[in-house]
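What follows is a short report on a single structure.
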Amino acid sequence: APAPPPAQHLFSDPAEIEALRGNLLAWYDKCKRDLPWRRLAAAEPDADRRAYAVWVSEIMLQQTQVATVIDYYNRWMQKWPTLQALAQASLEEVNELWAGLGYYSRGKRLQEAARKVVSELAGQMPRTAEDLQKLLPGVGRYTAGAIASMSYGQATGVVDGNVIRVLCRLRCIGADSSSPAVIERLWDMANALVDRSRPGDFNQALMELGATVCVPKAPLCGECPVKQHCRARRRKLFGKPAPVPDVEDCGVGSCPLCPPAAEPWDSSLGVTNFPRKAAKKPPRAARTATCVLERRGCHGAPEYLIVQRPSSGLLAGLWEFPSLPLAQGLQEEKQREVLADHLRAWTGRPVVAGGLRFIGEVVHIFSHIHQTYVVYSLPLDGDVTLDPALSPSRWVTEKEFHASAVSTAMKKVL
Ligand code: SF4
């Protein structure tokens, strides 16, 4: 077993833990934000239905701001108020509702998991964090802990970005907060701290603190309900946080939770010395040629050809203008030729490279890809017969385009 961390990084005093729980919950009861999923969960007496309401919100909130999620959440819960209703939805409907929220596999896996609960688990949600994580696709350790604590009252902690920040500051953890060793310590801490009688509220309170008070850049330490337990603040105010040992006392370079010796405490940063992360890998650059094929519809309004992406991989199952990844450094002339060849397959007739009109470039940042779309347009006369042997394709008006399961990047392209 790994050696226990030095005292200054631990919560070891039961009286302090009790006081922290009380202060945090009292603050949460008074100051929590009024959010639709909280309202729904609070009003729902049935634990499984509550779990569904929490689950949908937690999946939507992964990598996405609260303000963006609210509208999507309300529409989702109106359309599929129960797990059983979601299990009957088609992937196309799910993608349509999810369009614009990003990270599309989240919606797909939510629906797959709903189907699994209905068809394989007799409609019964797993009720512990361990089972939720084991049995439901798309439910990781965090989401499982959130559902189990908020819906079924299991005394289990959660660790998300907000919790990482708060705990690292409370206990001066300055080692790389994305490293497995630090993450494991934070899970231990979250599980030890969680209030036994109100675990769901405690977890939400810790996350709420990170989202509204202990924010990344300018935390509001003066208003913080747990400031008297915060070692980063003590260190900022007094230099040496008595009576626990100073950061240096852990032994520079040997403590697995202190800031690395090469980047010691910087007094100009104060509490924002914590947490620290290793530098992220820069996103990969990719270029894709895409063509907006346009025809006149029956009432003279323009219509556009959209085609469906494969059912796995990036943007799985979403619709887009016919597109083609480009090799790095391809000349403009060559780009047109490969795109024209590609379009020939879709339209079933020759496409002259010179007929493609270059419109401009659209840049879209996916989490790990810096994507540039090189956009062309091509007006077509007459009817174009779409080959049913290829991936699904269809003509849409502008209004239909926006109602379809298309990514934000494609909306920018249009
Ligand atoms: Fe965060 Fe400041 Fe509160 Fe410490 S005192 S937990 S740094 S807001």
### Message
If a residue must be part of a loop (DSSP other than H, G, I, E, B) and closer than 20 Å to residue 86 by Cβ, how many such residues does region 20-44 contain?
### Response
1
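Scan 164, 147 and give me the residue that is away from the ligand (no atom under 16 Å from the Cβ), assigned to a helix (DSSP H, G or I) and either in contact (Cβ under 8 Å) with a residue 40 or more places away in the chain or surrounded by fewer than 23 Cβ atoms within 10 Å (Cβ to Cβ) (or both). I'd like the intermediate steps shown before the answer.
On the way: 164 fails: away from the ligand (no atom under 16 Å from the Cβ).
When all the criteria are applied, what remains is 147.
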#### Entry: Residue check, residue 97 in a helix (DSSP H, G or I), at negative phi and of a type in the set (A, V, I, L, M)
yes
### Single residue of 36, 4, 14 found to be at pLDDT 90 or above and open to solvent by 70 Å² or more (accessible area, probe 1.4 Å)
14
### Task
Please enumerate the residues belonging to region 375-414 that are out of contact with any Leu (no Cβ under 7 Å at 6 or more places or on another chain) and among the aliphatic types (A, V, I, L, M).
375, 384, 386, 389, 390, 396, 403, 409, 410, 413, 414
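I'd like to know if region 276-290 contains one or more residues that are over 30 Å from residue 216 (Cβ atoms) and either open to solvent by 60 Å² or more (accessible area, probe 1.4 Å) or modelled with pLDDT under 85 (or both). Let's see the steps before the verdict.
The first filter runs over region 276-290 and keeps only residues over 30 Å from residue 216 (Cβ atoms), leaving 287-290.
After this cut, where a residue has to be either open to solvent by 60 Å² or more (accessible area, probe 1.4 Å) or modelled with pLDDT under 85 (or both) as well, the list is 287.
Yes; the residues of region 276-290 include at least one that is over 30 Å from residue 216 (Cβ atoms) and either open to solvent by 60 Å² or more (accessible area, probe 1.4 Å) or modelled with pLDDT under 85 (or both).
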### Task
Quickly run through region 7-49 and pick out the residues that are in contact with a Ser or Thr (Cβ under 9 Å, 6 or more places away or on another chain) and among the aromatic types (Phe, Trp, Tyr).
37
### Message
Every residue in region 291-310 that is open to solvent by 10 Å² or more (accessible area, probe 1.4 Å) and assigned to a strand (DSSP E or B), please.
### Response
292, 294, 295, 296, 302, 303, 304, 308
### Task
For region 14-53, name all the residues that are under 21 Å from residue 123 (Cβ atoms) and within 24 Å of the chain's Cα centre (by Cα).
40, 41, 48, 49, 50, 51, 52, 53
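Has region 279-289 got at least one residue that is within 16 Å of the ligand (Cβ to nearest atom) and under 29 Å from the mean Cα position of the chain (by Cα)? Walk me through how you get there before you give the answer.
Keep residues of region 279-289 that are within 16 Å of the ligand (Cβ to nearest atom), which gives none.
So far as region 279-289 goes, no, none of its residues is within 16 Å of the ligand (Cβ to nearest atom) and under 29 Å from the mean Cα position of the chain (by Cα).
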### Query
Restricting attention to region 191-205, and to residues there that are among the small types (Gly, Ala, Ser) and surrounded by fewer than 22 Cβ atoms within 10 Å (Cβ to Cβ), which single residue is nearest to residue 125 (Cα to Cα)?
197
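Inside region 225-242, can you point out the residues that are of a type in the set (A, V, I, L, M, F, W, C), within 16 Å of the ligand (Cβ to nearest atom) and open to solvent by 20 Å² or more (accessible area, probe 1.4 Å)? Before the answer, list the steps.
As a first pass, look at region 225-242 and keep what is of a type in the set (A, V, I, L, M, F, W, C): 226, 230, 232, 237-238, 242.
Subsequent filtering for residues that are within 16 Å of the ligand (Cβ to nearest atom) retains 226, 230, 232, 237-238.
Answer for region 225-242, where residues must be of a type in the set (A, V, I, L, M, F, W, C), within 16 Å of the ligand (Cβ to nearest atom) and open to solvent by 20 Å² or more (accessible area, probe 1.4 Å): 237, 238.
For residues that are among the aliphatic types (A, V, I, L, M) and not in a helix (DSSP H, G or I), scanning just region 194-224, find the one that is farthest from the ligand (Cβ to nearest atom).
Looking at the filtered set, the residue picked out is 194.
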### Query
Looking at (1) surrounded by fewer than 11 Cβ atoms within 10 Å (Cβ to Cβ); (2) in contact (Cβ under 8 Å) with a residue 12 or more places away in the chain, which is the only condition residue 313 fails?
(2)
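Within region 326-414, considering only helices (runs of 4 or more DSSP H) that don't extend past its boundaries, which have at least 1 residues that are β-branched (Val, Ile, Thr), open to solvent by 20 Å² or more (accessible area, probe 1.4 Å) and out of contact with any Pro (no Cβ under 9 Å at 6 or more places or on another chain)?
Details: elements: 332-347, 398-403, 408-413.
Where helices (runs of 4 or more DSSP H) fall fully within region 326-414 and carry at least 1 residues being β-branched (Val, Ile, Thr), open to solvent by 20 Å² or more (accessible area, probe 1.4 Å) and out of contact with any Pro (no Cβ under 9 Å at 6 or more places or on another chain), they are 332-347, 408-413.
The values are calculated or read from the model by the stated rules, or taken from the named source; none is laboratory data. Being a predicted model, the structure only gives us computed values, none of them experimental. Quick reminder, even Gly has a Cβ in these numbers, built from the backbone with ideal geometry, and neighbours come from all protein chains shown. These area figures cover heavy atoms from the full protein model, side chains too; ligands, DNA and RNA do not enter into them. Shrake-Rupley method; radii C 1.70, N 1.55, O 1.52, S 1.80 Å.
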